[in-house]
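Structure, as structure tokens:
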Amino acid sequence: MGCISYVNGRYLPHRRALVHVEDRGYQFADGVYEVFAVANGHPVDEAEHLQRLERSLGALQIAWPMAPAALQLVMREVISRNRIDRFGILYLQVTRGVAARNHAFPRAARSSLVITARRLPPPEPAAARLGVRVITLPDQRWKRCDIKSIGLAANVLGKQAALDAGASEAWMVDDAGLITEGTTSNAWIVTKGGELITRQPDAAILSGITRHAVLALAREHAVRFVERPFSVGEAKAAAEAFLTSTTALVKPVVAIDGTPVGSGGVGPFTERLLDLYLQHLNQAGS
Ligand code: PMP
């Protein structure tokens with residue numbers, strides 16, 4: 001059985017899940033999105049994702065496509081129709097709707113809602129522990145990266161540049177030489193003194209839900225951390241580095257621009273935070 005997707009009120013086979021060419025998401029990237037992990041059949045950190053969706057919608061003055069409680073029911077229906085009883089990913093997108101092309105907000109359009117989901121094998125701790133390489137690149141994005149906008153051309157270019165360089169992610173660097181975040185993830189380092197550092201959630205980064213969960217775990221387990229920007233030089237001189245996202249979890253970074261980080265392997269802080277995060281995932285729905 002193929003995937004079932006939700007498009008503006010209908011559950012459709014994925015190949016027939018289509019939106020109109022004049023949807024403002026297609027015309028202007030005038031929309032926002034969320035990606036949820038699904039564990040044990042339940043959206044992980046659902047309240048946090050919905051809060052971020054509310055902030056993104058508010059910042060772009062886009063109306064909720066339906067009440068949040070109804071949206072949660074539709075999400076559950078998509079999870080169930082795709083038989084995600086263990087692990088998977090749910091993608092949700094809201095745009096300003098369909099209207100004749102004109103930059104100004106349309107008067108009458110209703111927000112569009114698309115939800116897709118797919119089953120995935122549950123994360124394997126051994127595979128999750130495999131380190132990745134990152135490159136650094138100038139951050140070319142707009143000044144509201146805190147909004148989870150579907151306008152991702154700069155992120156797409158950065159990710160492809162990383163892949164072309166034999167790496168998995170690009171860490172973007174602002175005009176002051178400080179790392180903002182990855183193209184699809186938040187950036188972290190652990191100093192040689194054992195301090196965990198990640199940039200504060202300002203307009204230069206997306207406030208990641210995984211980032212938030214990892215900080216809560218660090219607090220709970222008395223791991224010392226500070227939220228501040230760090231430079232490319234500091235990152236290359238760090239004892240450990242890792243990235244976080246809903247899909248990558250807590251991913252060790254073993255090299256930056258070809259320079260090995262620390263021992264070039266997976267460090268103890270990263271390993272501990274990954275283990276704690278995997279436990280957090282497995283607690284979803286309990
Ligand atoms: N930054 C960017 C630019 C991202 O695209 C993502 C992934 N959505 C993240 C950070 C991590 O966010 P989260 O932990 O909520 O997946």
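Computed values, structure above
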| quantity | calculated |
| --- | --- |
| Members of the range 28-49 that are without any contact (Cβ under 8 Å) to a residue 40 or more places away in the chain and surrounded by fewer than 18 Cβ atoms within 10 Å (Cβ to Cβ) | ALA47 |
| Count of the range 142-193 residues which are small (Gly, Ala, Ser), open to solvent by less than 50 Å² (accessible area, probe 1.4 Å), in a helix (DSSP H, G or I) and farther than 21 Å from GLY233 by Cβ | 1 |
| Every residue from the range 194-218 that is open to solvent by less than 10 Å² (accessible area, probe 1.4 Å), among the β-branched types (Val, Ile, Thr) and either farther than 25 Å from GLY264 by Cα or more than 8 Å from the ligand (Cβ to nearest atom) (or both) | ILE197, THR198, ILE205, VAL214 |
| Verdict on ARG118 being buried (at least 20 other Cβ atoms within 10 Å of the Cβ), assigned by TED's automatic domain parsing to the domain that holds GLY25, modelled with pLDDT of 95 or more and basic (Lys, Arg) | no |
| Residue check for THR210: assigned to a helix (DSSP H, G or I) and touching a residue at least 40 places away in the same chain (Cβ under 8 Å) | yes |
| Check on ARG107, open to solvent by 20 Å² or more (accessible area, probe 1.4 Å) and either of a type in the set (A, V, I, L, M, F, W, C) or over 19 Å from LYS148 (Cβ atoms) (or both) | yes |
| Inter-residue pairs, beta-carbon under 6 Å, first more than 9 Å from the ligand (Cβ to nearest atom) and in the range 242-255, second open to solvent by 30 Å² or more (accessible area, probe 1.4 Å) and not in a loop (DSSP other than H, G, I, E, B), 6+ apart | PHE242/LYS251; ALA255/ARG133 |
| Members of the range 61-82 that are in contact (Cβ under 8 Å) with a residue 60 or more places away in the chain and open to solvent by 30 Å² or more (accessible area, probe 1.4 Å) | GLU77, ARG81 |
| Residue within the range 93-114 that is modelled with pLDDT of 95 or more and assigned to a helix (DSSP H, G or I) present | no |
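The values are calculated or read from the model by the stated rules, or taken from the named source; none is laboratory data. Computed from a predicted model, the values in this text were never measured in an experiment. Because the Cβ atoms are built from the backbone with ideal geometry, glycine has one as well, and the counts that use them run over all protein chains shown. Calculation scope for accessible area: heavy atoms of the full protein, side chains included, ligands and nucleic acids excluded. Shrake-Rupley method; radii C 1.70, N 1.55, O 1.52, S 1.80 Å.
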